[in-house]
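Working notes for the structure below.
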Amino acid sequence: MAEVKLAAQVRSDFGKGAARRARRADLVPAVVYGHGAEPKHLAIHNHALMMALKTPNALIRLEFDGKTELVIPKAVQREAIRQFLVHVDFLAVKKGEKVSVEIPIHVEGDLAPGQLVLEHVLNTLPVEAEATHIPESVTVSVEGLDAGASVLAKDIVLPSGSSLAVEDDAVVVQVIAAQAEAPAEEAAEGEGEAAAEA
């Protein structure tokens with residue numbers, strides 16, 4: 001995964017008022033944690049940060065006060081309705097260091113013929129990976145799967161250097177038979193029609 005470089009400013013004022021002022025200036029308040037160091041309070045340009053966060057688990061090099069810090073996003077807060085960035089927590093990482101992250105699961109293939117529904121039990125897969133080599137996603141094939149079939153975490157092929165951070169037998173996706181219309185409802189409708197005709 002390629003690094004994204006972002007310029008940041010050190011924040012010296014805190015609280016809701018300071019956060020509102022930062023957002024009015026098109027800056028997003030952020031905090032960097034990790035490696036036993038004191039948290040670093042920063043502000044980052046909204047658009048640049050939003051673009052960087054389009055990639056899950058983006059590897060970001062923050063540049064501030066003549067220093068650089070390699071980080072990955074750990075918690076992203078967005079406004080509920082308009083979804084603009086409110087605050088971001090970053091985890092400081094080093095090359096070669098292992099981190100626990102959740103990576104998106106992409107499903108491909110067609111289920112067996114018939115009235116089948118694919119249930120996504122997990123939307124992301126918890127893995128442990130080298131901070132500078134976090135997989136962007138994993139792919140699960142459901143080609144030809146029939147009712148009752150499931151794909152477990154251990155069935156997913158992970159890129160080299162990554163390992164599962166969830167039980168091997170955790171269900172990722174499962175195939176279930178589509179439920180038919182409830183006969184009781186149809187019977188009740190029939191009785192209603194008969195009463196109306198009488």
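Suppose we keep only residues that are surrounded by fewer than 11 Cβ atoms within 10 Å (Cβ to Cβ) and more than 21 Å from the chain's Cα centre (by Cα) within region 27-58. Which one would you say is modelled with the highest pLDDT?
GLU38
For region 41-60, which positions are within 21 Å of SER100 (Cβ to Cβ) and in a strand (DSSP E or B)?
Within region 41-60, LEU59, ILE60 meet the criteria.
Considering only residues of region 148-165 that are in contact (Cβ under 8 Å) with a residue 24 or more places away in the chain and closer than 20 Å to GLU97 by Cβ, which is surrounded by the most Cβ atoms within 10 Å (Cβ to Cβ)?
Only one residue fits best here, namely SER162.
What number of residues within region 128-153 satisfy the criterion of being outside any strand (DSSP E or B), under 15 Å from VAL107 (Cα atoms) and among the aliphatic types (A, V, I, L, M)?
Going through region 128-153 one residue at a time, the tally reaches 4.
Quick one: would you say VAL101 is crowded, with 18+ Cβ neighbours inside 10 Å and outside any loop (DSSP other than H, G, I, E, B)?
Criteria met by VAL101.
Test of understanding: among GLU69, GLU63, which residue is assigned to a strand (DSSP E or B) and in contact (Cβ under 8 Å) with a residue 40 or more places away in the chain?
The unique qualifying residue is GLU63.
Which pairs turn up if I take residues in region 35-53 that are at negative phi and look for partners that are open to solvent by 50 Å² or more (accessible area, probe 1.4 Å) and not aliphatic (A, V, I, L, M) with beta carbon separation below 6 Å, at least 6 apart in sequence or on another chain?
PRO39/TYR33; ALA43/GLN9; ASN46/ASP26
The values are calculated or read from the model by the stated rules, or taken from the named source; none is laboratory data. Just so it is clear, the model here is predicted, and its values are computed rather than measured. As a convention, Cβ positions derive from the backbone with ideal geometry for all residues, glycine included, and neighbour counts pool all protein chains shown. The accessibility values were calculated without ligands, DNA or RNA, using every heavy atom of the protein model including side chains. Shrake-Rupley method; radii C 1.70, N 1.55, O 1.52, S 1.80 Å.
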